Structure formats: structure tokens, C-alpha cells
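One structure below.
The values are calculated or read from the model by the stated rules, or taken from the named source; none is laboratory data. Just so it is clear, the model here is predicted, and its values are computed rather than measured. Quick reminder, even Gly has a Cβ in these numbers, built from the backbone with ideal geometry, and neighbours come from all protein chains shown. The accessibility values were calculated without ligands, DNA or RNA, using every heavy atom of the protein model including side chains. Shrake-Rupley method; radii C 1.70, N 1.55, O 1.52, S 1.80 Å.
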Amino acid sequence: MASWVFEKLAGGAVRRDPNETQLFKTEQTDEGEYAGTDALVREILQNSMDASNGKKPVRIRLALHSAGDLPPRDRLAYYFGRLEPALKHREIGFDPDGVPQLLEGFLVCEDFETRGLGGDPLLARDPDPGSQKREDFFWFWRNIGRSGKTGDDLGRWGLGKTVYRAASQVGCMLGLTVRASDRRQLLMGQAVLRIHDLNGQEYVPEGYWCGGRKEPSGLPLPIEEAAELEHFRREWKLTRSPDEPGLSVVVPYVAPELKEIGRASCRDRV
């Protein structure tokens, strides 16, 4: 079963609350507002183009779903209940079952004719400087503000994916990739919130939605169980088939401003 994993805050650790989302705000962005639709779309386009398979034009699907399309209540508690103590600073209410009391739905961002997140999903340290192997999974999930992009790649110093979390009121994103190299399906999530207390223990702001840990290192592992992958694909309205390479990212409980993209319950853009 998947779950959120946050590391315990060590006594000697530097205490820092992340503020990377501020880098995407413009002069017109109000205090407390998310980074903005323009930044969201721009970074999605750049990241997807960088991941092109070089065979056909990259296609991108953006679908905005209303709250009526959210998964059932028990599944929402399964996904987000652990985030309650880390979201106290945002004053987001949770009901007794662990479901966020928010009115907004979710955004699905999918790219096609791309490589997906290849490389070693168990890599836990920077690749050798001279290595020519792409480690997209490592750079996407296991780094914040750092990137392996070089040369003609257009990404912004490893911060491009921050716009997904910046557009989420619960500060997280969930992603399913199908890799062109081996058709392996990997599901993972990431939250970046605040230092928080749970049962008398403090935890760091960054956490992973994952399928457990690799022992003895404690490295969070992607979810690969077939039933879990299919459940995720169905309840978050993905269109990607299990053998279709690329990356699908779910932004849960989107910022209210994104409702202005369209008046329908779901708007698709390809």
C-alpha cells in the first residue's frame, strides 16, 4: 500500500521552510497567490519539449476537472490525510475522516511522444559527471532546485516542476510515467510544505508518496503494483495507456484562479 514518507527532522539540521514557488511570481501576483497560469503552462511546455523522443511532435494534454470528478472520500483520505499537520500553516480544514475541506478539483497534465522518466529509479546520488546516461527519474523526483539539464535543454535550473506544486492548494503533485526505454510504469508523488509536528516528532517539509522504502538506505521507492497503477489511472482521469510512453502529472485541489480557464467541468487542451 502506498503512503506518504517524511524524514524526521534531526536535532542539528538547518530549519528551513521552502519558498521556491516565489521564483515564478510576477509583479502582478498578489501575496499568497499561486505562480500563475502563464508560468504553469510555460514550464510544462518546456519540460515536455526537453523530453521529446525526436520522432514525432510532442503532444500535451491539460484537463481541468471540477470537485465532482475527485476520487471517493475514502480514497481522498488515503491520498491526503497524512498531509494535515503539514498544512496547518495554510489553514486548510480536514474533516474527521482526513479529507481536505476544499471546493476545487484537479488538473491533469500529460505529455505524449516523449521519453518518460528514464534512468535508474533507485539512484540516490548525483551521477558521475562524465556519464552520458539520462537519469530523468532521479532529477525529477529526488531533487529540488537542481537539474541534470545541459546544452539545448530549456528547463529553469530544476525548478520547472515546482509550478505543479505551486498550483496545488495542498502543495503536492502525483505523477505516473511510462518509460520509452523499457515500458516500465512508475508512480510517485511529492509534497513540499513546512516543518511540522506529528505525535511529538518534527518532520522535514519534503515528503514522498511512495511504495515504501529500500532498506537499509531508507530510499523512497516508486509504486509499481499493477492494481494500484490502474486505480490511479482511472480515478484521476488519465488518458495514457499502460504502453504509451510519457509523463502524466496530477495537481490536486488546484488554486481557485485556475477555475477561470473554463466553465465546463473538464476542459481539455492538446
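So the values come out like this:
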item: Cα-only radius of gyration and Dmax that characterise segment 36-141, units Å; result: 18.2, 52
item: Protein accessible area in segment 174-265, 1.4 Å probe - carbon and sulfur %; result: 48 percent
item: Sorted peptide list for 68-77, 169-178, criterion being average Cβ within 10 angstrom, highest first; result: 169-178, 68-77
item: Sites matching GluC sites (Glu not before Pro) across segment 191-231 that sit in DSSP coil, with at most 14 neighbouring C-beta atoms within 10 Å; result: Glu224, Glu225
item: Alpha carbon centroid spacing (whole Å) that separates segment 55-126 from segment 163-232; result: 10 Å
